[in-house]
Amino acid sequence: MAMPDSGQPSEGGGGGWIILGVLNEILLKLANQPDLRSLWEEVCSSARWIVPSQRLCVVLGNDGGGARIAARYEHGRFDYGAPEGDGGVVVDAWMVAALEAQRAAWFKGPWTEAREADLARAWLLAEDPDVVFHVPIQVYKKTIGTMLFALEDQRQIDRKALASATTYALYVGATYTMLKNSLDLAAASAQLREQNEELERVQLELRVQLDRVRAQHEAMLEMSTPIIQVWDSVLTLPVIGTVDGARAARMMEEVLAAIVAHSARFMIVDLTGAQAADTSTIEHLLRLFAATRLLGSQCIVSGVPAGMVRRILDAGGSLDGIPVFSTLRSALEHAMTALRKNPR
């Protein structure tokens, strides 16, 4: 595609008070509605006071080297984004040249090929302007976009318009950057709040589940230590399954409390349903037997599995002084006989 002629008007001064008034009005409106659409609407509407154009657009650069249409203004009507069906993405030499420019300049026809090449540019050139005047939008000496004005007469770009448009574009770039950073920060903060709320919700669910598991565990421990009073002063504790540290501590607590509460003279620990235990389990049971004797209650053991006998001997433990019976019935008969012979 043939590049249209371009040129740079000479610089001049003036128009500063107009720019300050326009920017003040933009900032006041953005304070009530801080979003990019509102910014570009005010920018497009106010730019006509500086460069008299009835058709203009704002183009922002992409990281990939192309550009996208951010906003358009046509005879008092504002549109956010590119023409319908264009997608907003522009990658061609004309826009690249505008984005790479460090100073305001213009493009001049012929427009035939330019109109066919791009829908966004076709919209800008719809009324066959004499020139398209572009002003770089810069931040920290970096061009981030451009404002494109379709003008009926190149003479509309005088020294005053050039200076005012250049200064105005610098303020627009700074305002856009601050607003975008603010919106990005607000979006990031909102996302962080959502993530924190989700994390708090998950933590709450986990706490509820943990409390439920703890309650179930407590219930299982209570069920695993069913101390039964079979006669006055006679208690029995059926041990079923394995005995870990938590269960052993619970058994110790429940057994000692029951002996005191019932003034029990005999505590029968029935191991018929106990599984073959490891060394740690044997140690827990031996401590339980010893603690029972310290409270003045005789511990009686029944139904010791053969595998547990070997483990007791391997661990160096002893059941000396503890009556041991093969069945719970035999243990009960022993306790009843002792009570009849020596009633309190």
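The values are calculated or read from the model by the stated rules, or taken from the named source; none is laboratory data. Because the structure is predicted, anything quoted here is derived from the model rather than measured. Cβ atoms come from the backbone with ideal geometry, glycine included; neighbour counts cover every protein chain shown. Side chains included, ligands, DNA and RNA excluded: accessible areas come from the protein's heavy atoms. Shrake-Rupley method; radii C 1.70, N 1.55, O 1.52, S 1.80 Å.
Points worth noting:
- So ALA174, is it part of a helix (DSSP H, G or I) and hydrophobic (A, V, I, L, M, F, W, C): yes
- Residues that are closer than 21 Å to LEU124 by Cα and among the aromatic types (Phe, Trp, Tyr) within the stretch 136-167 comprise just one, PHE149.
- Here GLU127 meets the list (1) open to solvent by 60 Å² or more (accessible area, probe 1.4 Å); (2) within 19 Å of VAL58 (Cβ to Cβ); (3) modelled with pLDDT under 85 almost entirely, failing just condition (3).
- All positions within the stretch 203-242 that are β-branched (Val, Ile, Thr) and either modelled with pLDDT under 75 or open to solvent by 20 Å² or more (accessible area, probe 1.4 Å) (or both): VAL208, VAL213, THR225, ILE227, ILE228, VAL230, ILE240, THR242
- For the stretch 148-202, filtered to residues that are β-branched (Val, Ile, Thr) and closer than 27 Å to TYR73 by Cβ, the residue that is modelled with the lowest pLDDT is ILE157.
- In the stretch 39-62, of all residues being touching a strand residue (DSSP E or B) at 6+ places or on another chain (Cβ under 8 Å), assigned to a helix (DSSP H, G or I) and not aromatic (Phe, Trp, Tyr), the one that is surrounded by the most Cβ atoms within 10 Å (Cβ to Cβ) corresponds to VAL43.
- For the stretch 268-302, a residue qualifies if it is out of contact with any helix residue (DSSP H, G or I) (no Cβ under 6 Å at 6 or more places or on another chain) and not in a helix (DSSP H, G or I), and the qualifying residues are VAL269, LEU271, THR272, GLY273, ALA274, GLN275, ASP278, GLY296, GLN298, VAL301.
- Evaluated against (1) modelled with pLDDT of 80 or more; (2) among the basic types (Lys, Arg); (3) not in a strand (DSSP E or B), LYS29 falls short on exactly one condition, (1).
- Being open to solvent by 80 Å² or more (accessible area, probe 1.4 Å) and assigned to a helix (DSSP H, G or I) is a property that LEU179 lacks.
- Test: residue in the stretch 310-322 that is surrounded by 18 or more Cβ atoms within 10 Å (Cβ to Cβ), touching a strand residue (DSSP E or B) at 6+ places or on another chain (Cβ under 9 Å) and either over 21 Å from GLN229 (Cβ atoms) or charged (D, E, K, R) (or both): no
- Inter-residue pairs, beta-carbon under 8 Å, first on the phi > 0 side of the Ramachandran plot and in the stretch 255-266, second open to solvent by less than 50 Å² (accessible area, probe 1.4 Å), 6+ apart: SER263/SER233
- Residues satisfying the criterion are absent from the stretch 276-289 (criterion: within 19 Å of GLU333 (Cα to Cα) and open to solvent by 50 Å² or more (accessible area, probe 1.4 Å)).
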